Structures are given as structure tokens and as C-alpha cells.
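The values are calculated or read from the model by the stated rules, or taken from the named source; none is laboratory data. Quantities reported herein were computed from a predicted structural model and do not represent experimental measurements. Glycine gets a Cβ as well: all are built from the backbone with ideal geometry, and neighbour counts include every protein chain shown.
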Amino acid sequence: MTRTRNKSNVAAARARMYHDLVFECAERVFAEEGFAESTMQDLAAEAGISLKTLYATFSGKDEIYREILAQRGAGLLDAIGLARQARGTAIERLAQGIHGIVAHLVDNRRFFRILLQEGHAWGLNPRGDEARDSWEAGLMAVREVVSDGIASGEFLPGDPDMLARTVNAILQVQLAGLLDRAEPVEARATSDQIMVSMRRLLCGES
């Protein structure tokens, strides 16, 4: 019985090792080459394993892609959730949310590049259930903050839904430029820089 259990533990550990290896390598390949242009052969070569081992780990490219979106998207949902619980003025709450999102994407630059390459513009409803969940949660959180800011007179009058989409678009564009740089990106300085544009949009600051 002990020997059988040990064999089972070894098999489970090996399966987890291959899973994590393929996940990391696939994220790198998708970020650099794009999902559509990548093949299972490319992923196997990047991971240094056979196609047979790759297919024993994941059923196909779509499954790997969905898992990347689900795992990395969960981090975005966590950041958004914390921002929705934050206290303070509308602009302070928005700044906390922006910082959480920026920090997650700075730590997961390949994930962000995948989203950009696959056309997951945050101002539009993205494809895929996992990406859509993060997008909808983020848009709702921003809309709530914007609505509160308009109601309190902290923000300029406007359509909360359209302003929320504009906030998302500004965040995406500025992050795309900043994260594309070769030099290291510091999350706090980056989010502070993005908030300058947010204050101009929402508060009319020059």
C-alpha cells in the first residue's frame, strides 16, 4: 500500500511539474509570437518536451490559453475587489484600484502583452469568459467610483459608463507604452503617472 501511494505521489508531482513548465513556456510563446501564430509544436519545443507529453498535460492550445487567462485574470479580480472595498474620496479609491491593477500587470508583463496582442481592448467587451469576467468587474468598479465622484461634485459631470470606458482605455494605452520599455517599471511611479491623466479627464485638472 505504501509503495502504491508513493508511486501515486511521484506521478502527481511529475504531472504538476509538466503543467507548470508548459504554463510558463506557453505564456512566453503567446506573448512573443501571439496565440494564433503559435502551435503545439512550438510550445513543446519551448518546454523541451515531446508532443506526446504536452498532449498528456493539456488537451490543446485553447486549454492552455484559457488557464493563463483564468489564473492571471484572478489576480486582476483580486486587485479590483480590494479597490471596491477601499475607503476615501472617489479619486483616492480610483488611485488605489489603478495601483493594484498596475502592480499585477507589472509583475505579469507577458500576460498583459497577450491581452494586447489578442485584441482584448479594455474599452470594449473582450472575447473569452475569463477575460470578460475581469473586464466586466473592472468596468463596474470604475463606473461605481465615477458615479460617486460625479454625485459628490468631485468629478466633472458626464456619462458614468462612457467615462468608465475612457478610464479603461487610458489605462490600457499608457500601460502598453510603459510596459513595452526595456527598462524596469516601478508600479507606484507608473500608477502615479497614469493618475495624472485620470485627474485631467475626471477633474479637469491642467
Scanning the stretch 33-52 for residues that are within 20 Å of the chain's Cα centre (by Cα) and within 19 Å of residue 71 (Cα to Cα), the one surrounded by the fewest Cβ atoms within 10 Å (Cβ to Cβ) turns out to be 34
Any residue at all in the stretch 189-206 that is assigned to a loop (DSSP other than H, G, I, E, B), at pLDDT below 90, small (Gly, Ala, Ser) and in contact with a helix residue (DSSP H, G or I) (Cβ under 8 Å, 6 or more places away or on another chain)? yes
Please work out which one of (1) farther than 21 Å from residue 80 by Cβ; (2) buried (at least 18 other Cβ atoms within 10 Å of the Cβ) is the condition residue 180 fails and give its number. (2)
Here the qualifying pairs (Cβ atoms under 7 Å; residues six or more apart or on different chains; first in the stretch 1-25 and β-branched (Val, Ile, Thr); second modelled with pLDDT of 75 or more) come out as 22/43; 22/47; 22/54; 22/57; 22/58; 22/64
Quick check on the stretch 112-133: of everything there that is modelled with pLDDT of 70 or more and surrounded by fewer than 21 Cβ atoms within 10 Å (Cβ to Cβ), which residue is nearest to residue 62 (Cα to Cα)? 117
One residue from 78, 62 being at pLDDT below 95, within 20 Å of residue 32 (Cα to Cα) and of a type in the set (Asp, Glu): 62
Would the stretch 47-70 turn up any residue that is more than 30 Å from residue 201 (Cα to Cα) and touching a Lys or Arg at 6+ places or on another chain (Cβ under 8 Å)? no
Breaking point among (1) touching a Cys at 6+ places or on another chain (Cβ under 8 Å); (2) in a helix (DSSP H, G or I), for residue 175: (1)
Hey, can you tell me all the residues within the stretch 33-90 that are among the polar types (S, T, N, Q) and over 21 Å from residue 115 (Cα atoms)? 41, 50, 53, 57, 59, 85, 89
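Given the structure, is residue 26 touching an Asp or Glu at 6+ places or on another chain (Cβ under 8 Å), modelled with pLDDT of 90 or more, hydrophobic (A, V, I, L, M, F, W, C) and buried (at least 18 other Cβ atoms within 10 Å of the Cβ)?
Criteria met by residue 26.
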